[in-house]
Every structure is written in structure tokens, then in C-alpha cells.
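The values are calculated or read from the model by the stated rules, or taken from the named source; none is laboratory data. Just so you know, these numbers come straight off a predicted model, no measurement behind them. Cβ coordinates were reconstructed from backbone atoms using ideal geometry, including for glycine residues, and neighbour counts include every protein chain displayed. The accessibility values were calculated without ligands, DNA or RNA, using every heavy atom of the protein model including side chains. Shrake-Rupley method; radii C 1.70, N 1.55, O 1.52, S 1.80 Å.
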Amino acid sequence: DISDLLKSLWNREEPSEGLWSATCALANEEEGKWWKQENENIDGDKLFNNLVGHLKSLEAKARSSIEGDKSSMSPEDNLVIAVNSGSIYNQEVAPFLSYPLQAGPCRALQYPILDIFYEACGAAGVRCQHAMSFRSPHRVLKSTSMNRNFASRHVQLQTLHSMLGIIQGQMLSHPDRNVACWESDVGVDGGASDLGAMFGWKNPAKFDEFYEKIFLEPSALSDEDRSEITKGKQLEVYMNSMVRDMAKVKDLCKQQVGTRKTAGTTKTAPAALPVASSSISTQAFQEEVSSPVMSTAALISGGFAPEAIMPPRPDWLNDYIDYHRISLESDGNGGYRLKEGVPFLVYECNGETKCGGIGDRINSMVILLYLAMCSGRVLIINSPYPSPLENFLEPALIHWDAALPQMIDGEERELPTLDIMDARNNDLLVDEATVGYRLGRCNGMPARHTLRTIFANQCMSDYFGKQREEPFPYPGAIPQERLLRWSFYSLFKFSDAVLLRAEELKKSAGLFGVPYTGIHLRTGDQSMGISLDKGPSFRMQHSRKKQIRHGQCFQRIKEVHDIQVGYVASDSNEAKQLLSDMDKSILYSNEIEILHVDEPMRGEDDKNLSYIGSLDGWAELVILADSQCIIMSWSMLSFAAHYLGGENRCSALVDDCNEIDLSVPHKYAYEAGQNPFELVI
């Protein structure tokens, strides 16, 4: 029965009778341009109904078998059937559902279409899920091109690169389906335990013992082996690209499965990724249609800022991006490392000291880019706390995630830590004899240098006057918002996990493709259970009266701009409810895990909570930046959302709302202190 089910998807003998194989039915039958020939034998509706029938039949027989032998499983257990197992005793069907499958001229079009499969599962009344299986990209290429000769290595690399994109796109449409990530070249640490749990192993230790008995560890690949596979340097650039894509896929998959475990449900997951197998549970379900990953304002939905919200970068910034690029080399594993002897600055946030919230961290990193530029150094970012930054932001034009060389100045040693941004370091002095520095938080109190003082400093003056031999570009006031925006989008793009989560939160709040005003209501650390060891501060500014001002400001914006819906992001559920009670058109998500990224309150070892809470924080930043108008609190997160959303946007600091003309755009500057916001225009 399972073999027949597989053949309804992929039929080797009669490709036109398989839902997925039908596309390539004429590839081996027609001469000439087979892809232009219409195949009159394909009946998609018939093939779909045939698949639904096989799913129903399989479920009915499984239920009948269980009812005939009630001792075979407990009533609370789910019966899980691996679709791929249909090939074990039948050589006519595909051994597994891979991307791509088999060989031939149509190879690049031979891959599963999961949307159709899950639609059929819904029609049949069965719950279908998938697990991701992956292995070393070098081994994949060796196996498919050198051992089995499916395609030349160059063609295969391009094909596999395309497959990764197709897989990711398909899985992003079904974020609640991923149940396991299995690295088949690794032992029990490769994720096999999740597969064991799915198939009913209730004792993890016994499953691990069983798996170790059947697992055959492949021999390690040497540098010579890798070089042979990529034909030396000839194909290394293509392989490096595939390695990077596979690494992203692995990391995101593990995050998704970890999130499912923490949430205890398949309802929400940050991302879904490639599969090599599928499983069917006989538990009936009602299919839930996922919304597409798109942005209402179409501003940052792709992770990048389009030209519509950011003017072209100046030559001096492009030159630094080029300098950063040529200062790196391949690390042999698909990533980059800094060349030996190149001076650098490392921004670190590893939990040893406080780094501030999301807005503070962004500000630290983006202004450090300009310090690195004027001091002739490469900026590296190492921010694993409380969850690695790479989960939420990915390198855009600058590979800030590059590794440091193993040797510094010819010897292994610790980097000096220098609070280079302390305002008392008037001239931003950096010892040229020291190759690298570690830096922590670069804004806030005690007083630090700011973007304004960096550009007013001798370091920047010398950079333009002596190194570039050109006039300083900003003799008057610096365009703070534009400089911050250039820096951020040169360094970062939002990860797929963040963008998908932002859309999930919009959906849960009831935002369906309409313009909206973003409202950031920062109430203060105490609302998140964080005790203040220095007593109340100006950041505890949002009494109930001041919270209400956010709702009143929204009313003004509704009148001026005719934007009738608001979304409130806040560190207080009570404040969200207050605004929503004031005006039911102010929406919010009640699925947020409120967490200050500098104060994980439930224990530093709770990595899943740290990931989920951080993810929600970054996702709400995207929602705020993506709004048509924004109402800001005294918060660096508010300011980041303001300038990331683009130039000339509708915005207001809540305290200014009654005094300014909301019909025109406003620019703000933000410096740490008792009154951080400065209305520029």
C-alpha cells in the first residue's frame, strides 16, 4: 500500500501517472525540444484524487489493523507511517523523496511539490508532516557526481543550489510541519533522537543504544579530499556558496524544531526547511492555510532596505565595504576568516557584561562601523547572548561574522578589552601597534561617544582629509538617520525566521494587508520583572496617564493620515490591553514572549526561551519599521524602528504629538541622557 502511495507521486515506469513525475514524462520519449511538447496524457485532477484515495486507504487499513490487535499500541499513541518506507520491498518506486530525484535531462525539475501533497493530506483527513535530512555538501557532491555520475560537478552544484532555494520556499509555506532535523553523517548527536521519538521510542537511552549499533560513521574528509571534490580552486566558489546555504538551512531547522518543543505545539514555528522524507500520522486534522510571507508596507519584507527607503550609499562607504571584503579569506568550510595581520575591532556581547536591549545593540554595532572605517580596521561582530545574533540578522554586504585568525601577531593570545567609546577617550585613540580590540556596549551611560561625536572627531577628519584627500562631507549637522540606515543595511538583513515571525504576529493580531500605525509603548524594565538596583529612572516614564497619550496620539494620526488601524508593541501586556480598550482598532498579538534580551529572567540555560523571546523582539522591530506611521517612546528600539523604516516617514515622539504638524515628515536624533530625543525637522 505504501509503495502504491509512492507511485502515485513518482512513477518510474509510467511517469504520466505520478503527480510529481508527470512533468518529466516526455523527457525520455520525445526527440528535440521535449519541454515544449504538451503531454495530453496528464490529468492533474485525476492524479490528485488518486493520491487522496491512497492516503484514505492507507489510513483505513492502519486503523483496521490496530483495532484487530489492541495490544499493539496504547490508545494515546499516534500511528506514524514513513512514506519513504514504501521503497524497501519494491524497487519500482523512488527510494526517498529527495531534491532532486534521479537522473536525466529533466533532473532539475524532479522534486516534490509539498503544497500539493499537504493539500491531498487535508482532503484525505490525515495529518502529514516532514523531517529534514541533510549531510555534508562535499559528500553530496562526491556521491552524486563522482560516484554515481548524475551530472557533472559544476552542473550538480548549480542544481543543488537551486534545490536549496526551492526547498526553503516550500517549507516557509508550511512552518508547522517540521518534526525533526537529521544529520545522517553524524551519530545520535545528529538529531536521530527526534526521529526515534516520532516513531514511538519512549526511552531515549534505548533508542540511542539501538541507533549506535546500526550507524556507520563515514570516514572523515581531509583537505586533500575536499580539494579533489572541488577540482582545487576551480569549483570552490560554488561549493562555498552551497556550504553557506546548507549551514543556514541546518541552523534554522534546528531552531524551528526547538521552538516546537518549547511551545509544545506545531502551531507556531519561526521557519521551516528542506526535507528528504515525509511521515504520515493517522490522526485526523483540519488543514490550516498559511498566509504568504509578505510585508504590508513592502519595505523590509525581503530583509533588505530597497532604494525606495534609502538613497544610494556614498563612495566612501562603498570603499570601506570593498576594504572589508578583500581583508577576508575563505575558511575552507564555506565561511570567511580575517587574514592575518589585518587590524580589527570585535564587538562582543557574550553575557559577561550588559549590552542593552535590541535598540541599544543595533546602535552599538552600526556606529562602530564608522569607527572601524575611520581607524582603518575590519569590524567583526560576536554576539551569542542570549541567543546568537545570526539567528535574527544575517550578513548583507559586509561579512561581520567572519572568524578571527588562529594566530594574532604570530602567537595565540587574548585580545585586549578597551572601552574605546568612553567619552573620556576624547580623541578615540586606538593603538596602531595593537592588531585587535574587543569592545562591548558602545552607547548609553556612562557617557559614550555617539555617531555625532565620531563624525566630529579627529579620527574621521583624518580619514577624509589625509587618507581620502577629499573634503569632509558634513561640515554642518550630520544626517544621523541616514548614516545609521546606511550602516545597518550594509551590515545586516533580517533573517527569514524574523520575517516569518513578524507575519505570524501580524496575522495573530488581525492585521491583514492594511496600512497601519506602529505604536511602541515602552513602560520600563520593572514591567518585565527586572529589578532596578539604582532606583527609579527616567525610563520608568510611562504612568497610566502617559500610556494613554499613545492612544491619543494615534487618534490624531487617524485624523491627519486616514490610517485607521494601529499595532501596539510593548513590554507590558497590561499597557497593550489599555490602548486596545481605548480604541478597538489598536491591535496587538497576545502570542508574544516578552523578554528583555539583556535580562533573561528564567535562567541563562533556557536557550529555547531566550531564542523565542529574542525572536519576538526582533519580529516586533520589523513590524514597527514596516508601519506607515510610527509613534515612539523614549527608547532606542523606537528610534531604530523609526530610521530603519525609511526617509521622510510619518513619525512622532509621543511627547511631541500635540505640538508638531503630523502632516509633514519629521527627523529625530537620539543621544543617551535625560532627554534622548531631539526633533531635527
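Examine the stretch 335-349 for a residue that is among the charged types (D, E, K, R), open to solvent by 10 Å² or more (accessible area, probe 1.4 Å) and part of a loop (DSSP other than H, G, I, E, B), and state whether such a residue exists. Steps first, answer last, please.
Taking the stretch 335-349 and keeping what is among the charged types (D, E, K, R), we get 337, 339-340, 348.
If we keep only those that are open to solvent by 10 Å² or more (accessible area, probe 1.4 Å) as well, we get 337, 339-340, 348.
Cutting the leftovers down to part of a loop (DSSP other than H, G, I, E, B) gives us 339-340.
The answer is yes; a qualifying residue exists.
Residues to consider are SER227, SER193, SER145, SER222; find the one that is at pLDDT 85 or above, touching a helix residue (DSSP H, G or I) at 6+ places or on another chain (Cβ under 6 Å) and either open to solvent by 30 Å² or more (accessible area, probe 1.4 Å) or at positive phi (or both).
On inspection, the qualifying residue turns out to be SER193.
Counting residues that are more than 26 Å from ASN350 (Cα to Cα) and at pLDDT 90 or above, which strands (runs of 3 or more DSSP E) fully inside the stretch 605-681 reach at least 1?
The qualifying strands (runs of 3 or more DSSP E) are 629-632, 650-653.
Can you pull out every residue in the stretch 25-49 that is within 17 Å of ILE113 (Cα to Cα) and either surrounded by fewer than 19 Cβ atoms within 10 Å (Cβ to Cβ) or at pLDDT below 85 (or both)?
Our first condition is that a residue be within 17 Å of ILE113 (Cα to Cα); within the stretch 25-49, this holds for 25, 42-49.
Within the stretch 25-49, ALA25, ILE42, ASP43, GLY44, ASP45, LYS46, PHE48, ASN49 qualify.
Are there any pairs with C-beta distances below 9 angstrom linking a residue in the stretch 332-350 that is modelled with pLDDT of 90 or more to a residue that is among the hydrophobic types (A, V, I, L, M, F, W, C) and open to solvent by 70 Å² or more (accessible area, probe 1.4 Å), with the two at least 6 apart or on different chains, and if so which?
LYS339/ILE326
Tell me the helices (runs of 4 or more DSSP H) entirely within the stretch 185-254 that contain at least 1 residues that are of a type outside the set (Asp, Glu) and closer than 27 Å to GLU329 by Cα.
223-229
I want to confirm something. Restricting to the stretch 56-87 and keeping residues that are among the hydrophobic types (A, V, I, L, M, F, W, C) and under 20 Å from TRP20 (Cα atoms), which single residue is modelled with the highest pLDDT?
LEU58
Is it the case, given these coordinates, that VAL237 is open to solvent by 50 Å² or more (accessible area, probe 1.4 Å), closer than 24 Å to PRO105 by Cα and free of Cβ contacts under 8 Å to residues at least 40 places away in the same chain?
Values: open to solvent by 50 Å² or more (accessible area, probe 1.4 Å): yes; closer than 24 Å to PRO105 by Cα: no; free of Cβ contacts under 8 Å to residues at least 40 places away in the same chain: yes.
Judged against the criteria, VAL237 is not a match.
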